[in-house]
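As structure tokens, the structure follows; a few thoughts come after it.
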Amino acid sequence: MSAYREPGTARSIVVDFDSAVPLYRQIADGVRALIARGHLAEGDTLPSVRKLGEMLGVNLNTVAKAYRLLADEEVVELRRGSPARVAPPPREVGGPIDERSTRRLVDWVGRAKLSGASERVVREAFEEAVSRFYGNEEREVER
Amino acid sequence: MSWIMVSLVLALSIATVGILVEWIARHEHPRRLFFLSLGRERTAADDARARRLRIANGAITLTGVAIAFAPVSEWIRVAAVTLAPLASITWMSVEMVGAVRSAKLERVPGRYVVSLDDPPTVRDLVSAPLQVLNVALLVVPCAVFAWMLSWLGGRLPMHYDAMGNVDRYGSPTELWFMAALLAFDLVILWGITWALTRERWAMPEKQTERYAELQLARRRTMTRMIEWIMAIVNATIAFVWLGIPLLSLPAFADWVGPLSIVVVIASALGPLAPLAHFIPKLTELKDEMRKIAGTEVLGTRDAGWKWSGMVYYAPEDPAIFIPKRVGIGQTLNFARPAAWIVLGVAILVPIAISIGVIVMVG
């Protein structure tokens, strides 16, 4: 049977050619979000650089750069001659937020403030982002 | 074959294209002209364009039909059969380009969703019964013809002049080129279906699932249309292929005229039936897709669309097969060398087959 499944947005990436965010960052952010939300699990293979480039409509080097970025973050494993795979999650769960993520979060709050957002709006947006990634897990725990 | 039969065959050939052009020109829609989306309300100028095409097409077709029945040399009549449809289609193409150039094209969204799951494959698009029918239309005539070769004589009428008289005889084995034609059509059918699966599976962020359903329905409808067209074309070719040896038998000598008319009607009107059935469905699907996303999400770059959206040229885009922005069907990303190879094959193979047939017929 074909691999086609009924359409859904679960395992999808958004690309925006009109955005100021570089395409490789958009792709890396998209793949990272899929892993963080559990749509891609440890050991899952990612599409090849060529295939993902064709799927998204971007240059192969752009996808390769996104995969390298994810590999630097130890989110993805790159091995010569085999497809990119989702790396194992960190051994220590419940530990502190790493320095890079903290820096990004602070940067994000600063940008939001400069864009004119109120503290309440920023908190709401933060809560929504948290529930987007932790919402399912919490519901699982509640059951 | 009698003179009146020949005239009828010629007139039917001309009238068929005339009817097709008339049907396209008559298409009534507040935001479309000749089935092409205008991206704005249809105006009096658009109506005038449609009227102009209908008048020109009517005049060309009637002149062609009149010449088909006129007591003139057969060369003039054959020229009328060739030139009248060509003139109508050329006129229509010019009016279509004019309509597209006056259309208000929305900006193609540069933001879209792509699923990491595999998009629909060829198996998701094809209809099993129609595929079986199309393969059978190659295999069965080949088997029947192989059997016929065992009892056919060594000499058959291979070509008739415009008056229906035999002007060339040849060996029955020459007719195997008909099998090549059938196989070529099958390859075209599978090639188009495969190319549809190569289009980008891109969706808008809102109503993604509904849009994906519409996108899948669009690809399936396109495939169904091509499957039906090829089945009808190949049934006609098979009919001619197996009919030529049968008509050479004395018992069927009087059937040449009536059967020629049947073949002309089938070959000319037959492929129009799927077009008439499926094109309105395809335009409806595209209308709903536009309603959801504001404009169609083509998974392409806006800057790539040149010449009022008629040509796609985007060196940064790896895709070769692109859904048409204007009209129905596919276009190519002409920035990719592979696209030029596809175009070359699509043009050269039919020319090579035509030249081969002409050389063989002598």
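Listed values, structure above:
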item: Net charge of Cβ neighbours under 15 Å - reference B:Asn57; Lys, Arg +1; Asp, Glu -1; result: +3
item: Sequence of A:Ser12, B:Ser308, A:Ser131 once ranked by neighbouring C-beta atoms within 10 Å, starting from the fewest; result: A:Ser131, B:Ser308, A:Ser12
item: Normalised per residue, the volume of the convex hull around the Cα set of the stretch B:101-215 (Å³); result: 199 Å³
item: Centroid-to-centroid separation of the stretch B:1-78 and the stretch B:301-362 [C-alpha atoms, Å]; result: 27 Å
item: Relative compactness, the stretch B:267-362, computed as alpha-carbon Rg over 2.2 N^0.38 Å; result: 1.40
item: Long pairs among B:Lys291/B:Lys324; A:Lys65/B:Lys324; A:Lys51/B:Lys306, criterion Cα-Cα beyond 29 Å; result: A:Lys65/B:Lys324
item: Computed lengthening from B:Asn165 to B:Leu343, 0.36 nm per intervening residue step minus Cα-Cα distance; result: 60.2 nm
item: Rotationally averaged projected area of the protein assembly as shown (alpha carbon convex hull; nm²); result: 31.4 nm²
item: Candidates B:Leu86, B:Leu175, B:Leu149: whichever shows maximal mean-square fluctuation once chain B is modelled as a Gaussian network with Cα springs under 10 Å; result: B:Leu149
item: DSSP-defined beta bridges in chain B - what % are antiparallel, rounded to 5; result: 95 percent
item: Between 0 and 90°, nearest 10: helix B:3-25 axis offset from chain B longest Cα axis; result: 0 degrees
item: Per-residue [θ]222 nm for chain B (sum of -39500 (n - 2.57) over DSSP H runs n ≥ 4, rounded to 500); result: -22000 deg cm²/dmol
item: Peptide B:106-114, shielding by other chains (average Cβ, 10 Å cutoff); result: 5
item: Nearest-0.05 FRET efficiency for A:Leu60 and B:Lys206, computed from C-beta distance (R0 30 Å); result: 0.50
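Rule-based calculations on the coordinates, nothing more; no lab input. Keep in mind that what you see is a predicted model, and the values were worked out from it rather than measured. Note that each Cβ is placed from the backbone with ideal geometry, even for glycine, and that neighbours are counted across all protein chains shown.
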